[in-house]
Structures are given as C-alpha cells and as structure tokens.
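In what follows, a single structure is set out as structure tokens and then discussed.
The values are calculated or read from the model by the stated rules, or taken from the named source; none is laboratory data. Every value quoted in this text rests on a predicted model; they were computed, and no experiment measured them. Every residue, glycine among them, receives a Cβ derived from its backbone with ideal geometry; neighbour counts consider all protein chains shown. Calculation scope for accessible area: heavy atoms of the full protein, side chains included, ligands and nucleic acids excluded. Shrake-Rupley method; radii C 1.70, N 1.55, O 1.52, S 1.80 Å.
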Amino acid sequence: MTVTVATLGFPRIGPRRELKFALEDHWAGKSDAQALLAKAATLRAQAWARQAALGVNHVPSNDFSLYDHVLDTSVMVGAIPAIYGWTGGPIDTAAYFAMARGTQGASTDEACAHGCTPDHRHDHGLPAQEMTKWFDTNYHYLAPEVSRDQVFALSSTKPVDEFLEARALGVHTRPVLLGPVTFLKLAKTKDEGFSPLSLLSALVPVYAEVLARLQRAGADWVQMDEPCLALDLTDFERGELRRAYGALTHAAPGLRLMLTSYFGAYGDNLATAVNLPVDGVHVDLARAPEELDAVLALARESLVLSLGVVDGRNVWRADLPALLDRLDPIVSRRGGDRVILAPSCSLLHAPIDLDLETALDPEIRQWLAFGVQKIEELVVLATALNEGRAAVAHQLAASAAAARARRASPRIHDPAAAQRLAAVTSAMAQRRSPFGRRQAVQIPRLDLPAFPTTTIGSFPQTEAVRQARSAHGRGQLSEADYAAFLRAETARAVAWQEEIGLDVLVHGEFERNDMVQYFGEQLAGFAFTRHGWVQSYGSRCVRPPILFGDVSRPAPMTVDWWAYAQSLTDRPMKGMLTGPVTLLNWSFVRDDIPRSLACRQIALAVRDEVVDLEAAGAKVIQIDEAALREGLPLRRGDWAAYLDWAVECFRLAACGVADHTQIHTHMCYSEFNDIIAAIGAMDADVISIETARSKMELLDAFEAYAYPAQIGPGVYDIHSPRVPAVEEMTGLLKAAQARLSAGQLWVNPDCGLKTRKWPETKAALANMVEAARIVRQAVGMA
C-alpha cells in the first residue's frame, strides 16, 4: 500500500517552445500538416518519458493540444459550427485552425458569420471562435459554440489515440477529459433564452463512448476535469453533475474515474463532489488548504484522494517537511493506496524546468521550483511517506533551508516601500473633477474628430526587431546601435500612422519584449527568467516575471521613448503603460504577503511614471488593465473585496494627473456584465475592449449600465491573421452605435498588434480608418 504521484497535465510547448515554432512554420506555409503532427508526437513522447523517469505513477495523456484543449473537446464531440464546412467524420488541421484562428480569403457555400447567404461566395474569410480566459488564469480557451438543435457525435478519437500512442512507447497513462458539465458551462450560444446545459442528455452518450473505447484500449483510470465545481453552482447544476456521472459510471464498468477540480475550494459543492459515483476526487490544497479537514470528514473510506499539495500555478519551492507534517496522519489513517500526491492543477500554468535558468540570481533561484522540480518535490514527499523521512533526508533538509533563507532574506522587504504605503491617502485615488468636467477640457485640447481612431499600443515585432534585441542581449550590438535601430523602427511606425490617417498615435513599443516583463525589469522587487515560458494561447507564450520582494521605481521607464516619438508628429502620442493589477496578475506573485499589498506597491510605481509622462507633455496616457477581470475570485462572495482593492490600485496609479490629461485603459477578452460597476468606478476617460469575436455583444453591459465615459470597442480580432473588410468593420461600428452614442465611440483593434505581421496589420488598419470615415459621414459628423 504505497502513496503514488500524479500530474494533472504537463506543459505542451516544449522546453524551448518547440511547439510554438512548429505551429508558426506550419501557418507560414514552411511545413505541411504531416511535419507538424510529427513534431507534436515527438513532444508528447518526450513529455511522457520525462514524467515517467521522474517517478510519476499516473502520467497524463490527452493533455497535449495543438492549440487548446477546450477546442479539442469541441472537435471530439462534434460541436463544430457549420461555417467551417464540416460535414462529419474526422476534422482536418485546416478546419481545426480555422476554428482557432479564422481564415483570410477563404470562400464557402455555407452561410457565414458576416451575414452572407449560402449562395453568396465571399472572400473575407472565416472568423475564429470566441476566445476568453480560462477561469482566473492568463490561459485563453476557445469557447464552444452550440445551438438549440445541436447534434453531438464522436468526431475525434484523440483521447484514445494518444493513450495507445503512449502505451506503444511503454508508458501507461491516465487520459484526461474535460468533463461534460464544465464543457457545457463554458459553451456559448446565439439562441436567445437557451441554456447550453440543457444539452447534457445529448452530450453524455458521446463521453460514454469515449470512456468505453478507453477501457477497451486498456485504460484503468481516466481523469475527468470538472473545474466548474470551484464555481458557484445552483442546485440544478449540481443535480446535472449527479445525473451525468450516474450515467458515465455505467458506460465502462471497472474503469476508474478521478474527478478533478482546481483553482479554488469546492465549498458548498464538496458534498456533491465526494458523493458522485467516481473512484477518486482531487483537491486543490494550494488554493484551498483549509478544505482538507472537511474533505477527510466527508470522503467515504474507499474514495481515493488526490491531494494537490504543490502549487501548480506558482513558482515557489514547497516547504516539504511542513507538508509531511500534514500528510503523515492522513496516510496513516486512510492508507497509502488511497492517497495520490499531485500538483494543485495542471502544470500547463508553470514553466517547465528551472535547470535551464543558469543565469538566474542564485539566491532567488534556490527559492523556486518549476514544473520538473514540482514533480521532484512530489516524488520526495511520496518517498518519505512510503519509506520514511530518512530515505530523503538530504532533500528535506535542503527544502527547509531554502524556506528559512527566503523568509530571512533582506532582499524581500524594503523599509522605504513600507513607509510610502503608510503615507497613501484616499485623496490620492481620486481624480480632481468628475468625468464630465474633465471631458470638457480634454475635447478642445485634443481636437479629435468623431469616432477617433487609434491602436492599442504595440506594432508587429518583426524578425528584424527580434534579431536586434537578441544581438543586443548577447553583446553583439552596441547600446548606441540598438537605440538607433529602435529609433528608426519607431520613426517608420509614426510616419506610417500619419500616412493612413490615425488620429491618436502610438510609438509601437519596439523596445519592449513584453508588456509586463518590460516594466518589471525596471522595477525593484522583480526577477526574470530566460526560459520560463508558459502558454497563453496557441503559439503565444509569455515569460511571467517573478515578483519576489517589495516594489519601487528607481527611474523613469518610458518617458524618453514617448518624448522621441512625440517629437516626430504633431498628433497626440499615447503614453503606454501596463497597469498595476495586470502587472500583478501576469506575474508569479510572492506568497508571503497579501496580493492587495503587493499591488498597492506596484500602483505607486506606475503612478510615478504617469506623473512623469504628463510632465513631459503627454496628453493621452493609456494604463492597460488587461488582466483585471481574470484576477476576479471564482466565488461571487469574494468579488467585492478583490474589486475594491483592484480598482483602488488602478485609481492610485491614474489619479495623479490634471483634468486635461486623458486616461485610457484597455481590457482583454472578458465577460463584463458582472463587473461593470467596478469598471465604471475605475473612472478612466476612455476604455478599449475586445469585442470583435462577440460581434459587439460585450457592449450590452456598458449600455445597460449607462456607462458615462468613452469606449473603444475592438472592430477586428488581432488574434487571427485575417484582414476584415471595410464593410465588416462598418457593420460592427453600426452595431456599437445601436448600443452607445456616437460621441462615446472610439475606433480601434481588439488588442495590441505585436504578434501580427506588417502586411496584414497595414491592410487591416487602413480598412479601419476608412470604416471610421464612412461612419462619420453616415452620421453627419465628418
């Protein structure tokens, strides 16, 4: 009777982002589908072998995806909208990536999302499915799209195929499925008054077939991910979980199901979870350590408990002796065969291997654990529980020493930061006048047309830009030559924006590696990796900074580049900053103080930059809060406390300026309805949001709230390479006008353009400017 180790999922991208480069080569036409699939198979094989070699007993399969695991589930169950031309059977990679990224210049005989009739062949391509954030993470998933007359059918055997693929390589895996209730709760529908969850009876048979096939293939455990159990559920929804798993239990008698939820406590869903007819339940003890006693009290004796004792979403090394003190009595009471040790969630959200970070500060490095190291920690814990602590005495001593060193390090606490926080007053988080008065002085100062056009900040980071940054980092390009290169790129971008007629310009951010990393590198209290990549969506990867100590701003961060760009034009040049909540939520955050306290420190640093930009002459300053909503707690009862400090931190950063300075903010894919009052309380003069994939539906929240300030609803989706036609953008602007007054509207893309290429960017922005001109004329405001 031994304690075993599981991983709930492993990073897909490869230690050196091999999947990213394979995808981008394929999308660029440099490799065919066969080559892409071969690279994917290699990455899967390496991940399985590595986990098995580290000592994982329950290695996951079907956690790999070419783009997104929710999209894979949509394909598996046949939830493929008709516009993608699918008529049944396996879906090819072209259709798969059309769902993920859209297409440019394709034609089809199906009725399309732009209103074309079936007999109208068109060349504006297909839209991607709507993208949004995965619970409270920075991972993006593609929302399933279902309809009232939805027919589900098994359309992909990927879970079975990859189980057999691993078995052929000598690794017996535990396949992972996104559970049917969570899948339907994540789904979208265009049918008014229709709940996707009402399709559960039609969906469960497809899952039953998958489970039966997995059992015939030789699987003994299947991991069923139902993270909806960390949300507020109704009695009806809990009943649907019971109904679904009651049916699935009979689909493959003898196949054991591990119910998995993460990112928070079960709370009032705990009794439902532990009483479902499953063989095991996973508990996220990183996010909800206080729930362990309740789990132990309610769990039946035969239930296998998967204990998520190592944080799968952060990078801090665990205190292994302290964990053992908690685990020892549990194992003694339940027996080792009914305890599995695991990360709190999939390691998708963690960097892969700390051993690659040879240049990281040694003191900080000893405090960290990435994906591989977290698995090693779990194996040490299991060994100690199975064989006694003496068997791993050296590892336990090293863990305890690292925990002590981190607590005692003088690099963690800065007395000056504490003093500045203590001096903050409520007045510092208030603009001097309400929006109406500010707008009255901003309008004549900026002198902009109706439907003013702008972009969100970044322009394409070309291969030349990346090569120059890399050469500068290696010391092969001097500081002077690198600065000259960046000035030339900036000058070209400014001149081109003037040429096409954009109203408020940006400098392009060519000097920035990432919207969070760039600022973190210039703030005290942050550390950075070279290979600490995590997937955001598809081929998009980010390297979150590591917030290890108190934060301050030693010197201005953006003023010089803004001043240079403004010197090139008479048009307003936006100062571009990342907001304090986003800097926090898109970092690996210290766990020794409350997040709210760390955020206030960052807010004061950003405030200093805002004030300096205004002093340098900036009339428009954008403070992006792309991640404000994703930090929202999963339980509604916890929202108010988070929103109170998050909004306060934004205002603390933004409110040091005069009335005539226009403050913009930007938010990424989110459901705004539930937090619209908090967005209003941010008191920005202009907010830009991602709305193109939702066809402006996200503006409904702003309309219902009677949002008083100005809004820039994105008129095209920058996550797709397709170039929307002018008429498509004018149609979206007309849809926006139906919800908001013409005087409130700005015209902009959905998000920054860093990941796009220049030809598509230039074509799309030229169309956007023309769409704004047409709409101005149509309403008599030209």
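Residues in segment 585-611 that are farther than 18 Å from residue 632 by Cβ and not in a helix (DSSP H, G or I): 5 in all.
Please find, among 631, 680, 637, the residue that is over 28 Å from residue 573 (Cβ atoms), small (Gly, Ala, Ser) and in contact with a Phe, Trp or Tyr (Cβ under 8 Å, 6 or more places away or on another chain).
Sole residue among the options that is over 28 Å from residue 573 (Cβ atoms), small (Gly, Ala, Ser) and in contact with a Phe, Trp or Tyr (Cβ under 8 Å, 6 or more places away or on another chain): 631.
Scanning segment 68-76 finds one or more residues that are open to solvent by less than 30 Å² (accessible area, probe 1.4 Å), outside any helix (DSSP H, G or I) and under 21 Å from residue 223 (Cα atoms). Being of a type in the set (Val, Ile, Thr), modelled with pLDDT of 95 or more and open to solvent by 10 Å² or more (accessible area, probe 1.4 Å) holds for only one residue in 581, 589, 559, 610, and it is 559.
Pairing each residue of segment 212-226 that is closer than 26 Å to residue 273 by Cβ with any residue that is open to solvent by less than 20 Å² (accessible area, probe 1.4 Å) and at pLDDT below 95, provided the two are 6+ apart or on different chains, yields C-beta distances under 8 Å for 212/252; 214/252; 215/252.
Counting only helices (runs of 4 or more DSSP H) that sit completely within segment 622-714, those holding 3 or more residues that are over 30 Å from residue 269 (Cα atoms), modelled with pLDDT of 95 or more and among the aliphatic types (A, V, I, L, M) correspond to 639-654. Scanning segment 142-194 for residues being outside any helix (DSSP H, G or I), touching a strand residue (DSSP E or B) at 6+ places or on another chain (Cβ under 8 Å) and under 15 Å from residue 80 (Cα atoms) gives a total of 11.
Among the residues of segment 160-211, which ones are charged (D, E, K, R), touching a residue at least 24 places away in the same chain (Cβ under 8 Å) and out of contact with any Leu (no Cβ under 8 Å at 6 or more places or on another chain)? Quick ask: steps written out before the conclusion?
As a first pass, look at segment 160-211 and keep what is charged (D, E, K, R): 161-162, 165, 167, 174, 185, 188, 190-192, 209.
Checking which are touching a residue at least 24 places away in the same chain (Cβ under 8 Å) leaves us with 162, 165, 167, 174, 185, 188, 190-191, 209.
Across segment 160-211, the qualifying residues are 162, 165, 167, 174, 188, 190, 191.
Might you check whether a residue that is in contact with a Phe, Trp or Tyr (Cβ under 7 Å, 6 or more places away or on another chain) and either modelled with pLDDT under 95 or open to solvent by less than 30 Å² (accessible area, probe 1.4 Å) (or both) occurs anywhere in segment 108-125? Before you say what the answer is, go through the steps one by one.
As a first pass, look at segment 108-125 and keep what is in contact with a Phe, Trp or Tyr (Cβ under 7 Å, 6 or more places away or on another chain): none.
Taking every residue of segment 108-125 in turn, none turns out to be in contact with a Phe, Trp or Tyr (Cβ under 7 Å, 6 or more places away or on another chain) and either modelled with pLDDT under 95 or open to solvent by less than 30 Å² (accessible area, probe 1.4 Å) (or both).
Every test in (1) under 32 Å from the mean Cα position of the chain (by Cα); (2) without any contact (Cβ under 8 Å) to a residue 60 or more places away in the chain; (3) open to solvent by 50 Å² or more (accessible area, probe 1.4 Å) is passed by residue 487 save one, and that test is (2).
Sub-7 Å Cβ pairs linking a first residue in segment 460-484 that is within 19 Å of residue 560 (Cα to Cα) to a second residue that is surrounded by fewer than 15 Cβ atoms within 10 Å (Cβ to Cβ), at least 6 apart or interchain, number zero. Being among the small types (Gly, Ala, Ser), touching a residue at least 24 places away in the same chain (Cβ under 8 Å) and surrounded by fewer than 19 Cβ atoms within 10 Å (Cβ to Cβ) is the requirement here; does residue 33 meet it? Answer is yes for this residue.
Just for segment 716-734: of the residues that are of a type in the set (A, V, I, L, M) and modelled with pLDDT of 90 or more, which one is nearest to residue 102 (Cα to Cα)? By that ranking, first place goes to 723.
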